[in-house]
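Below is one structure, written out as structure tokens; the observations come after it.
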Amino acid sequence: MKVKRLILVAVFFYLACTELVNGQPRKDCQTRCGNVTIEYPFGTSRGCYYADDPSFSLTCNDTEKLFFRNNIEVINISHSGELRVMTNTSYACYDSKGNPNGSRYYNYRLGSLSLSHKNKFNVVGCNALALLSTFGPQNYSTGCLSACNFPPVANGDCKGAGCCRTDVSDPYDSYSFQTRPSRLANMTSVYDFNPCTYAFLAENGTFHFDALEDLKNLRNVTKFPVLLDWSIGNQTCEQVGNRSICGMFNSTCFNSNRGTGYNCKCLEGFEGNPYLSNEHGCKDINECTTNSTIHKHNCSDPSTCRDKVGGFDCKCKSGYRLDTTNMSCKRKDFGWATILLGTIIGFLSLLLLISCVQQRMKQRKTAELRQKFFQQNGGGMLVQRLSGPGTPNANVKIFTEEGMKTSTNGYDQSRILGQGGQGTVYKGILPDNSIVAIKKARLGDNSQVEQFINEVLVLSQINHRNVVKLLGCCLETEVPLLVYEFINSGTLFDHLHGSLFGPSLTWEQRLRIAVEIAGTLAYLHSSASIPIIHRDVKTANILLDENLTAKVADFGASRLIPMDKEQLTTMVQGTIGYLDPEYYHTGLLNEKSDVYSFGVVVMELLTGQKALCFERPQQSKHLVNYIASAMKENRLHEVIDEKVINENNWREIEEAVRVAMECTRVTGEERPLMKGVAAKLEGLTVTKAKHQWSDQYPGEVTENLVGVGILSEQGDTSSTGYDSIKNVASMHVAAGR
């Protein structure tokens, strides 16, 4: 058994060694049959022809004649996709009474080859009708009729009298063809001078009609040369790519004119077999020494010819120039042409010098302008603070204006992620292929530079998984650019109210998002190195990554609270619908302002409704009033998003509503701290609520909302107000990263 296996392995190994190697034939292949040269992709034995198509297999018989498909004699093979063969003449003979007296028809199989358009279908005979029929997926026939009752003029043209000729238009996918002549019945007898009719294919220019000789017996010619088209496979050069069988060196692929497949050819200045990569492949032609009239040089003096790879040059000796009209060398003329040339060169050199000076001045001016903007925007101060001991955890990268321009493809329109009244956000691709969001910012005046730098440094030190990271800034532009990490799955607003995303968020996802936002705000208020009030908490400023993890973004309106103060007096800024009514009326900003805004966000998560909607009744345009009204009328279930309600989570929803109501009390002192809010919401994710919702909700719920009605008339969800950090990045862009 083992011996048999070893024998099989040896047989397979031998066959593998004799097959084509990298598309090349074996070295022991037959190269001639009689007077015909056999070249790849054609061959006479296994491993010598193109293995993917058996039509390239030829047969050399004992009489040294080469055959295609065993019955078509091959007389020449062309690399350009043509096979010249000899095919027999079909005939039909008749007696003096017009009765059939012998005939011979031939049927030829084409394989994957096809009849060339360079052939003509010929019919010789009087009152003769013949058909050329091809067979394949779609059968095709063309005919030709020749009529005459007496011998035509000697040596006349083949135009219908005694001879008919027509073009060949054969579908490339035909697999066989046949020629079949006949004579029209009930016509005048032409037996005396034309006993037989003939039908045959012939290559253009190989058959010339002679009425006296051809009508009698076709001059006893029984075969004519015919061209067959061939190509490799059924894919174009573009489709096959580098998998073509064209030789690896000095050859190229071109699409076959058959309409299918491709062929190969040597590059200009090379000759050989373009399908081979060995010594028989495309080699450089020495045009200076070759005897070929096609490739020989055209230098008038052969001694000036110098061969080069892929061509030649006619080199004239010093003091002479080449006249390209007759490729001869003539003495150079150093007259006015030289003076003119020198003048032109001098003028162009002067222009080049002026251009270089202008370019250098422009670059210098640009560099000075960038340095001016850098200092104007606090660049020197930022560098000093980064190198000093006071900011050990700051990780702010200072980007160059050129780097920002390159990463945004010249601030191309297609890179814009979003636009708002306060600026534009671009998608940027850094040299390390990391994707960032680049946001334009504005400074109000130079007195705000120090505060801007302080706040950039502090925001860069925030290292929280639920905060969009500030990576750095570019201060070399008139408008500073802030560089943030890129979040790719849109905003919470998009997921709740947009139509670009898939199924609605589940209750578990909404609760988790609320917990993440609450924890982040609690961190900013009490755990950051300097307490930070976001001041513009809303669903449009909550980004979601691919795992639907919340990322608090857009700190453009944020303020840093000094350690010795609990609140600041500022110009009012925020988004109508989320804005703390107490802050709106007094201008006093503290962390309870973020608590109010967060409560509105929780209500959006619970209801799927927008914070401000003018399609709701007058008293319920504001979402807080809308929820309060539903609570008061004991119809809370009507306003909660039906997509999140099920029989197991109603108590959790009620508890979340209670937390939101506490957060949106008008008086800041009555609102809980974010740390407590985060703890309550976190508790909902760990265990089910253990207490029933109280029917007697504190009466101040509706009383404390009196001030909210003022806001419902202020407009939709656009931001208002002004302060220093707003000028940095206060842009409310829905998909701003």
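Explain nothing, just compute: Karplus ³J(HN,Hα) = 6.51 cos²θ - 1.76 cosθ + 1.60, θ = phi - 60°, for every residue of region 460-465 in order, whole Hz, x for Gly and Pro.
Result, rounded to whole Hz: 5, 8, 6, 10, 10, 4.
Just grab the label-to-label distance for I530 and R32, each label 7 Å out from Cα along the Cβ direction, in nm (one decimal).
My value for the distance between the label points is 9.5 nm.
Whole-Hz ³J(HN,Hα) for each residue in region 222-230, computed from phi via Karplus 6.51 cos²θ - 1.76 cosθ + 1.60 with θ = phi - 60°, x for glycine and proline: what do you get?
Values per residue, Gly and Pro as x: 10, 9, 9, x, 9, 9, 10, 8, 9 Hz.
Measuring from label point to label point, each 7 Å out along Cα→Cβ, what is the S169 to H585 span in nm?
For the pair S169/H585, the computed spacing is 9.0 nm.
Between rounded, prolate and oblate, where does region 597-677 land on the alpha carbon gyration tensor, with a ≥ b ≥ c its root eigenvalues, rounded for a/c under 1.5, else prolate if a/b exceeds b/c?
Cα axes put region 597-677 in the oblate bin.
Shape verdict for region 82-229, please, from the Cα gyration tensor: rounded (a/c under 1.5), prolate (a/b greater than b/c) or oblate.
Working: a/c = 2.12, a/b = 1.67, b/c = 1.27.
It is prolate, given that a/c is not under 1.5 and a/b is the larger ratio.
Could you list the GluC sites (Glu not before Pro) in region 34-136 that lie in coil according to DSSP, counting only those with at most 13 other Cβ atoms within 10 Å of their Cβ?
Details: sites: E39, E64, E73, E82; in loops: E39, E64.
Filter output for region 34-136: E64.
Using 0.36 nm per residue of separation minus the Cα-Cα distance, give me the extension gain between L348 and T252 in nm, one decimal.
Between L348 and T252, full extension yields 30.5 nm more.
Can you sort W230, W650, W507 by how many other beta carbons sit within 10 Å, fewest first?
Least crowded to most crowded, the residues run W650, W507, W230.
With respect to the cross-link table entries K296/K330; K65/K223; K610/K632, which display a Cα-Cα separation exceeding 18 Å? Don't skip to the end; give the middle numbers.
Details: K296/K330 22 Å; K65/K223 15 Å; K610/K632 20 Å.
Correct reply: K296/K330; K610/K632.
How far is it, in nm, from the label point at E268 to the one at S133 when both lie 7 Å from their Cα along the line to the Cβ?
4.9 nm
Nothing charged except the Cβ atoms of Lys and Arg (+1) and of Asp and Glu (-1): what's the magnitude of the dipole of region 82-229 about its Cα centre? Round to the nearest 20 debye.
Working: 13 positive and 12 negative charges, 54 e Å.
So the dipole magnitude of region 82-229 works out to roughly 260 debye.
What length, rounded to one decimal in nm, is gained on full extension from T188 through to L212, with 0.36 nm per residue of separation minus their alpha-carbon distance?
Contour length minus Cα-Cα distance gives 6.8 nm.
Residues of region 281-308 with amide nitrogen under 19 Å from the 7 Å Cα-to-Cβ point of Y320?
Residues passing the 19 Å test: 288-289, 297-308.
Rank the residues D95, D284 as a footprinting-exposure proxy: fewest other Cβ atoms within 10 Å of their Cβ go first. Write down the numbers at each step before the final one.
On the way: D95 12, D284 17.
Listing D95, D284 from fewest to most nearby Cβ atoms yields D95, D284.
Any read-out appearing in this document is the output of simple, stated calculations on the displayed coordinates, not a laboratory observation. Since the model is a prediction, treat every value here as computed from it, not as a measurement. Here Cβ is always computed from backbone atoms with ideal geometry, including for glycine, and neighbour counts include all displayed protein chains.
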